[in-house]
Amino acid sequence: MSSEHNILCIEDEADIQEIIAYNLERAGYTVTLANDGIKGLELAQTKHPDLILLDIMLPGLNGMQVCERLKADPKTQLIPIIMLSARSEEADVIGGLSRGADDYMTKPFSQAELLARIKVALRRKPNPNILSMGSLLLDLDAYHCSLNGKMLKLTTTEFKLLHTLMAQPGRAFSREQLILSALGEQSEVVDRNVDVHIRGVRKQLGEAASAIETVRGVGYRCDPNYTKTLANEAP
């Protein structure tokens, strides 16, 4: 049986890895395996699986570190992650979820439950046409932007500029690059007009305006670390 879904299992216990792989393949999934955090992170970044099963106690990088790095990378941040751990304390579960994991399962667990959790996680896989930084959402299909559930009144140009910045958090764009990337070569917007539009974006973001950073001598960028605090900000 073939499947459109490829699952990466990062697990260092060979017997558990073997059981999981066997059951996933029987269920029709394609399975990629890694037995340490460094290799798992590399495979996640190169293979772009549809879902990741991530053990916490791993050699190289532990599961918490792997999860944080994947969720900080725009190329992998939308991949659902189910953490697997022998630790069942509430603090451990909260620790995993707070680092961006979509679900948390305590060992030992039944394979039937694991398969059920996988199906749920795949069904709710984020829409690639919705960009997010904490509670700031940019819906490319509906062409609207919201912060903490409140719609922001962005102009078309402001929306396009914010889209360009949010699509590559951490990258510094010059004003010229922003014009070309967000507005196209035929745009009549000039370099200094970009500053006006960015001010408009920041005004709509209110107290969350510092998510858009000024890079001296270059232009602007989205602060990739601001996602940790943005959910608590309000315009």
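Restricting attention to the range 149-189, which residues are of a type in the set (Gly, Ala, Ser), in a helix (DSSP H, G or I) and either at pLDDT 85 or above or more than 21 Å from Lys75 (Cα to Cα) (or both)?
Ala167
Mind checking which residues of the range 70-114 are in a strand (DSSP E or B) and in contact (Cβ under 8 Å) with a residue 24 or more places away in the chain?
Ile81, Ile82, Met83, Leu84, Ser85
Which residues, counting only those in the range 71-130, are of a type in the set (Lys, Arg) and more than 15 Å from Cys9 (Cβ to Cβ)?
Passing the criteria: Lys71, Lys75, Arg87, Arg99, Lys119, Arg123, Arg124, Lys125.
Hey, can you tell me all the residues within the range 104-131 that are closer than 30 Å to Lys150 by Cβ and crowded, with 17+ Cβ neighbours inside 10 Å?
Ala121, Leu131
Here is a list: Glu42, Glu25. Which entry is loosely packed, with under 15 Cβ neighbours inside 10 Å, without any contact (Cβ under 8 Å) to a residue 24 or more places away in the chain and over 30 Å from Met166 (Cα atoms)?
Result of the check over Glu42, Glu25: Glu25.
Among Cys67, Cys9, which is the only one that is assigned to a strand (DSSP E or B), of a type outside the set (A, V, I, L, M) and under 20 Å from Lys107 (Cα atoms)?
One residue alone meets the criteria, Cys9.
Can you find a residue that is under 16 Å from the mean Cα position of the chain (by Cα) and under 12 Å from Cys9 (Cα atoms) anywhere in the range 28-42?
Checked the range 28-42: at least one residue is under 16 Å from the mean Cα position of the chain (by Cα) and under 12 Å from Cys9 (Cα atoms).
Take the conditions of a type in the set (S, T, N, Q), more than 19 Å from Pro224 (Cα to Cα) and either surrounded by fewer than 17 Cβ atoms within 10 Å (Cβ to Cβ) or in the same structural domain as His197 (by TED's automatic domain parsing) (or both) and apply them to Thr164. Does it pass?
No: the conditions fail for Thr164.
Which of the residues belonging to the range 203-229 are within 14 Å of Leu152 (Cα to Cα), at pLDDT 90 or above and buried (at least 18 other Cβ atoms within 10 Å of the Cβ)?
Residues satisfying the conditions are Gln204, Leu205.
State all residues of the range 127-144 that are of a type outside the set (S, T, N, Q) and free of Cβ contacts under 8 Å to residues at least 40 places away in the same chain; if no residue qualifies, say none.
If the condition is that a residue be of a type outside the set (S, T, N, Q) and free of Cβ contacts under 8 Å to residues at least 40 places away in the same chain, then Ile130, Leu131, Leu137, Leu138, Asp139, Leu140, Asp141, Ala142, Tyr143, His144 are the ones that fit.
Can you name the condition, by its number, that Phe159 falls short on among (1) surrounded by fewer than 17 Cβ atoms within 10 Å (Cβ to Cβ); (2) more than 18 Å from the chain's Cα centre (by Cα); (3) closer than 18 Å to Ile198 by Cα?
(1)
The values are calculated or read from the model by the stated rules, or taken from the named source; none is laboratory data. For clarity, every value in this text was computed on a predicted model and none was experimentally measured. Cβ coordinates were reconstructed from backbone atoms using ideal geometry, including for glycine residues, and neighbour counts include every protein chain displayed.
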